[in-house]
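The values are calculated or read from the model by the stated rules, or taken from the named source; none is laboratory data. What you see is a predicted model, and the numbers here were worked out from it, not measured in a lab. No Cβ is skipped: glycine too gets one built from the backbone with ideal geometry, and neighbour counts run over all protein chains shown. Each accessible area value is taken on the protein alone, full model and side chains, heavy atoms only, with ligands, DNA and RNA left out. Shrake-Rupley method; radii C 1.70, N 1.55, O 1.52, S 1.80 Å.
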Amino acid sequence: MKNALDCLTKLTGCGTFKPAQAWPSLRGAMTWSTNWDATAGNAWSNAVGPHVHGLP
């Protein structure tokens with residue numbers, strides 16, 4: 001997920017796919033269910049949230 005966010009915002013970490021342009025103002029990532037994440041101790045949001053907040 002972090003690589004995907006970096007790819008979309010900075011065109012880095014894209015692997016074999018590279019978008020035609022970057023979207024540096026992208027400010028989010030969403031999981032299917034906040035309840036699922038909560039029952040897992042917020043593992044997804046704890047892992048991805050700081051990366052999203054650190055985007056330029």
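Some notes on this structure:
- Counting only protein heavy atoms and a 1.4 Å probe, the chain has 72 square angstrom of accessible area per residue.
- Judged by the mean number of other Cβ atoms found within 10 Å, the most tightly packed of the peptides 4-13, 27-36 leads the ranking 4-13, 27-36.
- Gain in span if fully extended, Ala20 to His53, counting 0.36 nm per residue against the direct Cα distance: 9.5 nm
- Couplings 3J(HN,Hα) of the range 32-48, computed from phi: 4, 9, 5, 5, 4, 5, 4, 6, 9, x, 6, 4, 5, 5, 5, 7, 8 Hz, in residue order, whole Hz [Karplus 6.51 cos²θ - 1.76 cosθ + 1.60, θ = phi - 60°; x for Gly and Pro].
- Full-extension gain in nm, Lys10 to Asn42, via 0.36 nm per residue minus C-alpha separation: 8.9 nm
- Accessible surface of the chain [probe 1.4 Å, protein heavy atoms]: carbon and sulfur percent: 60
- The chain - mean residue ellipticity at 222 nm from DSSP helices (-39,500 (n - 2.57) per run, n ≥ 4, rounded to 500): -13000 deg cm²/dmol
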